[in-house]
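Report on the structure given below.
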Amino acid sequence: MSRLRYTTAGESHGPSLVILVEGLPAGLVVDTDFINHELKRRQGGYGRGGRQKIETDAVNFLAGVRLYADGVRRTFGAPVAISIPNKDNRLDDPDKTPPLSQPRPGHADLAGSLKWLTTDCRETLERASARETASRVAAGALSRCLLRSFGIDTFGFVRSVGPASTAIQIHARNWRELVRVRDDDDLYCPDPTASGAMRAFVQQMKQDKDTAGGVVECHVFGCPIGLGSSMSGPGRLDGRIAQAVMSIQAFKGVEIGLGFEASRLPGSKVHDEIFFDADKRDERSLGFVRGSNNAGGLEGGMTNGMPVVVRGAMKPISTLGRPLRSVDLNTREAKEAGWERSDISAISAAGVVMENVIAFEIADALLEKFGGDSMTETRANLESFEKLARSLPLG
Ligand code: EPS
């Protein structure tokens, strides 16, 4: 059963984004600088629009986190409440948020307005806006404080933008060096040559008053074997990760490991052969190493000791400088779609968001398996499990 949960509230131009995280053990060291660093990364990236020049996203802890006498902030088992104030706060001023009745193809505008029986797309777009992804990053980065203390780390990056992509291979030996390369690149791609082609595509889209989508990829290193479960559909971790990724604004596809490519190859080219390396008994694989990682670290809905590898496809932003054809909801007459301040591409931000939502699912599965009300108890449970697994067969 899932143990860690988060709920978000907040409109794009309301006073604040709000996040409630429940299920964290007591004694988790909360690294506020790290969480704010992730929020800053989410605000960046090539192709972003004017909003990010206005906002400086940062978390306020409202409940569930205390500053202790040793100068360290920790959880104590209570729900954690967080706010991220919006500087562009104008939803209470009708003059600054006039009604919008020309839905943008691709956005939530049409379906949301009809669903809530209104011809004003305003409320739908306020809540559907990708501004909400700041909340998801805050929850995910908080969960990464937990993962990191168990030696679990994530690396997300931009794999492609439009037709431009990188063939770079990411693995346990190179990803740490690539963090800086990625962070120095304004598209968050760890391959500078490919990034140039991606940037050129975004530029072209800007000139054409068009928008760009892309593919982002995330690797999770250091997961213990056996997170998730093969015993029931809802328990399968691949499904839980896929749901989390597909629920990110503008995502239209998700793949784990080889993904769709696995369906085109013979089994002998897909499945990752198993070897035992006694020198690696103390690693997360417990010594059961694989010749490849086409499964993306998940077999039978459970982690198998290899890195978890996930890709997500983001469609192009649906607010176009040269608007597409639409219909006015009040008159039913043909009208151009409305224009709102927006981005040419938010693919770099999408990589940060995906990395953090995946981290949250891994943290949930970790706590589901190892439980514990305090970090000390969770750690003892994990160590005890790995000791037992290493000594199989049990006497
Ligand atoms: C975003 C904030 C939004 C948009 C964008 C992402 O701010 P505003 O609407 O005030 O310009 O820039 O949202 C969308 C692309 C969308 O379709 O809603 C953010 O903080 O990430």
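In segment 370-395, which residue that is open to solvent by 90 Å² or more (accessible area, probe 1.4 Å) and in contact (Cβ under 8 Å) with a residue 24 or more places away in the chain is nearest to SER285 (Cα to Cα)?
THR376
Please indicate, with yes or no, whether at least one residue in segment 207-224 is touching a Lys or Arg at 6+ places or on another chain (Cβ under 7 Å), open to solvent by 20 Å² or more (accessible area, probe 1.4 Å) and of a type in the set (A, V, I, L, M).
Checked against the condition, which is being touching a Lys or Arg at 6+ places or on another chain (Cβ under 7 Å), open to solvent by 20 Å² or more (accessible area, probe 1.4 Å) and of a type in the set (A, V, I, L, M), segment 207-224 yields at least one hit.
Does segment 170-192 contain any residue that is without any contact (Cβ under 8 Å) to a residue 12 or more places away in the chain, open to solvent by less than 30 Å² (accessible area, probe 1.4 Å) and under 22 Å from SER342 (Cα atoms)?
yes
Kindly list the number of the only condition in (1) open to solvent by 20 Å² or more (accessible area, probe 1.4 Å); (2) at positive phi that fails for GLY297.
The single condition GLY297 does not satisfy is (1).
Restricting to segment 13-31, what's the tally of residues that are under 18 Å from the mean Cα position of the chain (by Cα), away from the ligand (no atom under 15 Å from the Cβ) and open to solvent by less than 40 Å² (accessible area, probe 1.4 Å)?
Matching residues across segment 13-31 total 1.
Taking interchain pairs and intrachain pairs at least six residues apart, which have beta carbon atoms under 8 angstrom, with the first residue in segment 253-279 and free of Cβ contacts under 8 Å to residues at least 60 places away in the same chain and the second hydroxyl-bearing (Ser, Thr, Tyr) and in a loop (DSSP other than H, G, I, E, B)?
Partner pairs satisfying both residue conditions: ASP272/SER292; GLU273/SER292.
Is it the case that LYS96 is closer than 19 Å to ARG127 by Cα and within 15 Å of the ligand (Cβ to nearest atom)? Let's see the steps before the verdict.
Numbers: closer than 19 Å to ARG127 by Cα: yes; within 15 Å of the ligand (Cβ to nearest atom): yes.
When the stated conditions are applied, LYS96 passes them.
Give the residue that is nearest to PHE201 (Cα to Cα), with candidates limited to residues of segment 39-68 that are surrounded by fewer than 18 Cβ atoms within 10 Å (Cβ to Cβ) and among the aliphatic types (A, V, I, L, M). Reasoning before the result, please.
Restricting attention to segment 39-68, the residues satisfying the condition of being surrounded by fewer than 18 Cβ atoms within 10 Å (Cβ to Cβ) are 40, 44, 49-50, 52-56, 58, 60, 62-63, 66-68.
Imposing the further condition that a residue be among the aliphatic types (A, V, I, L, M) reduces the set to 54, 58, 62-63, 67.
On the way: ILE54: 26, ALA58: 31, LEU62: 42, ALA63: 44, LEU67: 47 Å.
Top of the filtered list is ILE54.
How about segment 69-93: which of its residues are more than 16 Å from the ligand (Cβ to nearest atom) and open to solvent by 50 Å² or more (accessible area, probe 1.4 Å)?
ALA69, ASP70, GLY71, ARG73, ARG74, PHE76, PRO79 - these are the residues of segment 69-93 that are more than 16 Å from the ligand (Cβ to nearest atom) and open to solvent by 50 Å² or more (accessible area, probe 1.4 Å).
Kindly provide the set of residues from segment 253-280 that are in contact with a helix residue (DSSP H, G or I) (Cβ under 6 Å, 6 or more places away or on another chain) and more than 21 Å from SER160 (Cα to Cα), ordered by number.
Pass one, segment 253-280, residues in contact with a helix residue (DSSP H, G or I) (Cβ under 6 Å, 6 or more places away or on another chain): 254, 256, 262, 270.
If the condition is that a residue be in contact with a helix residue (DSSP H, G or I) (Cβ under 6 Å, 6 or more places away or on another chain) and more than 21 Å from SER160 (Cα to Cα), then VAL270 is the only one that fits.
Starting from segment 235-249, keep only residues that are touching a residue at least 40 places away in the same chain (Cβ under 8 Å) and part of a helix (DSSP H, G or I), then list their pairs with residues that are away from the ligand (no atom under 16 Å from the Cβ) and hydroxyl-bearing (Ser, Thr, Tyr) whose Cβ atoms are within a distance under 6 Å, requiring at least 6 positions of separation or different chains.
GLY235/SER229
Quick check: is even one residue across segment 128-146 touching a Pro at 6+ places or on another chain (Cβ under 9 Å), modelled with pLDDT of 95 or more and away from the ligand (no atom under 16 Å from the Cβ)? Walk me through how you get there before you give the answer.
Initial filter on segment 128-146 (touching a Pro at 6+ places or on another chain (Cβ under 9 Å)): 146.
Filter again for modelled with pLDDT of 95 or more, leaving 146.
Going one step further and asking which of them are away from the ligand (no atom under 16 Å from the Cβ), we end up with 146.
Yes, the conditions are met somewhere in segment 128-146.
Condition test on LEU320, is it within 16 Å of the ligand (Cβ to nearest atom), closer than 30 Å to GLY162 by Cβ, in contact with an Asp or Glu (Cβ under 8 Å, 6 or more places away or on another chain) and touching a residue at least 60 places away in the same chain (Cβ under 8 Å)?
So LEU320 passes the test.
The values are calculated or read from the model by the stated rules, or taken from the named source; none is laboratory data. Keep in mind it's a predicted model, so treat the numbers as computed, not measured. Positions of Cβ are generated from backbone atoms using ideal geometry, with glycine treated the same way; all protein chains shown enter the neighbour counts. Only protein heavy atoms, including side chains, enter the accessible area calculation; ligands, DNA and RNA are left aside. Shrake-Rupley method; radii C 1.70, N 1.55, O 1.52, S 1.80 Å.
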